[in-house]
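Undergrad: Pasting in a structure now, in structure tokens, and then I'll have a few things to ask.
The values are calculated or read from the model by the stated rules, or taken from the named source; none is laboratory data. The model shown is predicted, which means the values in this text are computed figures rather than measured ones. For neighbour counting, all protein chains shown are included, and Cβ atoms are generated from backbone atoms with ideal geometry for every residue, glycine included.
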Amino acid sequence: MKGVGNGRFNPSGIMSVAEVVTLTARLHAERNGKTVPAAGGAWYQGAYTYCLQNGLFTASEVPLSTMGDSATRFQMADLMDRAVPESEKQAINSVPDGGVPDLRESDPYGDVVYRWYRAGITEGDQSGRFNGNSQISRAELATILCRLAGLTPRVGDKDLQPEPTPTPAPTPTATPVVTPTPAPTPTVTPTPAPTPTATPT
């Protein structure tokens, strides 16, 4: 990767589609003993033409009109994966389908993202999410590029598992309200008045 001028790398800068295309072409050329031709117009034209001529993508997949757009993480992974042979993307991690929390293997881009996780090319954020629709910084791509090129070790010893399905809490059973039985009202039996005894006159 080259800087942005004046000796600056600008690690937090956002990668454009043109920059990702250029790195894809250079990585493929390095792996196959080829040379990316010099640009005949825009600075990325030579790399774009190289990718077309070597079957890395078609003009409909990556239109020339998108070169100035910011690249997403999905676009970056999809393009750069094509520059590296399958022999360099062998699985070293156990990542089952669902191990990437925000992506299933059957989703668009899911196959390449899971291949990268398993090969230790990327590991996602702290929660293991890939965040494929977000933009990618120059620093992030430099890290991935070094792993792809074999300049730094892959991310190993990962054993991502699908997020467990939460067990719903049991519905509480209502406790029946016991209505107390009123105590019976005692019946008072009146005491009969004593019969007076007649006094003899």
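Undergrad: Cβ-Cβ below 6 Å, separation at least six or inter-chain, first residue in segment 42-63 and outside any loop (DSSP other than H, G, I, E, B), second among the small types (Gly, Ala, Ser): which pairs?
TA: GLN45/ALA39; GLY46/ALA38; GLY46/ALA39; ALA47/ALA25; TYR50/ALA25; CYS51/ALA25
Undergrad: Output the residues belonging to segment 28-72 that are in contact with a helix residue (DSSP H, G or I) (Cβ under 7 Å, 6 or more places away or on another chain), modelled with pLDDT under 95 and surrounded by 14 or more Cβ atoms within 10 Å (Cβ to Cβ).
TA: Once the filter is applied, which keeps residues that are in contact with a helix residue (DSSP H, G or I) (Cβ under 7 Å, 6 or more places away or on another chain), modelled with pLDDT under 95 and surrounded by 14 or more Cβ atoms within 10 Å (Cβ to Cβ), segment 28-72 yields PRO37, ALA39.
Undergrad: While we're here: Please determine, by comparing only the residues of segment 41-68 that are within 14 Å of VAL20 (Cα to Cα) and of a type in the set (Val, Ile, Thr), which one is farthest from the chain's Cα centre (by Cα).
TA: Going through the qualifying residues, I end up with THR49.
Undergrad: Suppose the filter is buried (at least 22 other Cβ atoms within 10 Å of the Cβ) and among the charged types (D, E, K, R); does ARG104 pass it?
TA: Here the answer is no, as ARG104 does not meet what is asked.
Undergrad: So the check is Cβ under 7 Å with 6+ separation or different chains; which pairs have a first residue in segment 86-101 that's surrounded by 17 or more Cβ atoms within 10 Å (Cβ to Cβ) and a second one that's of a type in the set (S, T, N, Q)?
TA: So the pair list comes out as GLY99/GLN161.
Undergrad: Still on this structure, please answer the following. Residues of segment 118-155 being among the aromatic types (Phe, Trp, Tyr) and touching a strand residue (DSSP E or B) at 6+ places or on another chain (Cβ under 7 Å), which ones? Spell out the reasoning first.
TA: First, the residues of segment 118-155 that are among the aromatic types (Phe, Trp, Tyr): 130.
Correct list: empty.
Undergrad: Criterion first (modelled with pLDDT of 95 or more and under 23 Å from GLY132 (Cβ atoms)) does GLN75 satisfy it? Before the answer, list the steps.
TA: Values: modelled with pLDDT of 95 or more: yes; under 23 Å from GLY132 (Cβ atoms): yes.
Against the criterion (modelled with pLDDT of 95 or more and under 23 Å from GLY132 (Cβ atoms)), GLN75 qualifies.
Undergrad: Run VAL4 past the list (1) at pLDDT 95 or above; (2) within 26 Å of ASN133 (Cβ to Cβ); (3) loosely packed, with under 14 Cβ neighbours inside 10 Å and report the number of the one that doesn't hold.
TA: All conditions pass for VAL4, except number (1).
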